[in-house]
Amino acid sequence: MSEILSWSEEQHLRATIAESCAAGLAEHLAGEWVRCDPHEHLVALRSGERRLTIRPERKAALWRVEITADLPQGYQSHTRLEVERTSVAPDRPADKIARQVERRLLTDAYDAACTEVLAALDAERDRKTVLATAVAELQALIPGAYQSQHDSDGSVQFSGPNLFRGSFRLHYRATEATIKLDGVPIDLARNLAALIGKHLSSEITAAQVS
């Protein structure tokens with residue numbers, strides 16, 4: 001019969017296996033790899049943008065080590081990429097584990113995926129910067145304008161006397177906006193209608209010229 005381990009004993013063994021595997025990989029993988037554990041329950045290695053997470057799991061009496069080629073944090077929100085994994089026996093020689101990891105995980109496709117994620121994250125940061133700048137401009141134009149705590153991304157709200165209130169919601173990179181108004185004084189409504197009419201007339205003229 002296999003030895004029955006307590007929870008603490010199993011966790012200690014799991015940590016020992018993970019740390020041993022990480023040390024072997026750091027020694028035998030090409031490049032410089034350093035420990036970068038995200039928290040106390042995981043063991044990870046990093047080399048530049050490449051990162052490997054090492055998770056030992058016990059199935060019945062046998063242990064296996066799942067090694068994941070992680071993508072930069074936030075990849076799921078901005079790409080459809082999936083992480084790749086491979087599984088090894090913990091008692092396999094470290095150099096052979098390293099060769100398997102290089103062959104199956106540390107590929108050109110993995111490097112390309114990391115580059116794609118970083119580009120997507122940079123684009124999202126740029127978008128948010130553009131949006132924040134446009135929101136600040138609108139707030140500066142409208143006395144008392146504010147962003148809702150529950151819906152602050154690209155949204156500006158305001159209120160005035162006699163139930164006059166409204167909101168601006170900026171779209172994507174602040175090239176368009178949805179405007180909602182209520183209780184608009186009639187003189188302001190006429191001015192807005194005139195601005196809209198002027199804009200539409202210029203659009204029609206431009207279309208006819210082209």
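Things worth noting here:
- Residue check for A134: hydrophobic (A, V, I, L, M, F, W, C), in contact with a strand residue (DSSP E or B) (Cβ under 6 Å, 6 or more places away or on another chain), part of a helix (DSSP H, G or I) and in contact (Cβ under 8 Å) with a residue 40 or more places away in the chain: yes
- Residues considered: L81, L45. Of these, the only one that is free of Cβ contacts under 8 Å to residues at least 24 places away in the same chain, in contact with a helix residue (DSSP H, G or I) (Cβ under 7 Å, 6 or more places away or on another chain), within 22 Å of E116 (Cβ to Cβ) and not in a helix (DSSP H, G or I) is L45.
- Screening S167 on (1) assigned to a strand (DSSP E or B); (2) among the hydroxyl-bearing types (S, T, Y); (3) within 21 Å of the chain's Cα centre (by Cα) shows it passes everything except condition (3).
- Pairing residues of segment 191-210 that are in contact (Cβ under 8 Å) with a residue 24 or more places away in the chain with residues that are of a type outside the set (G, A, S), at Cβ distances under 9 Å and at least 6 apart in sequence or on separate chains, gives no pairs at all.
Table: residues versus (1) out of contact with any helix residue (DSSP H, G or I) (no Cβ under 9 Å at 6 or more places or on another chain); (2) closer than 21 Å to K96 by Cα; (3) outside the structural domain of P93 (by TED's automatic domain parsing); (4) at pLDDT 95 or above.
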{"site": "A22", "(1), (2), (3), (4)": "yes, yes, no, yes"}
{"site": "C36", "(1), (2), (3), (4)": "yes, no, no, yes"}
{"site": "H41", "(1), (2), (3), (4)": "no, no, no, no"}
{"site": "L52", "(1), (2), (3), (4)": "no, yes, no, yes"}
{"site": "R55", "(1), (2), (3), (4)": "no, yes, no, yes"}
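- Of all residues in segment 48-61, those that are out of contact with any Asp or Glu (no Cβ under 8 Å at 6 or more places or on another chain) and either among the aromatic types (F, W, Y) or free of Cβ contacts under 8 Å to residues at least 24 places away in the same chain (or both) total 2.
The values are calculated or read from the model by the stated rules, or taken from the named source; none is laboratory data. Just so it is clear, the model here is predicted, and its values are computed rather than measured. Counting neighbours? That spans all protein chains shown, and the Cβs are built from the backbone with ideal geometry, glycine included.
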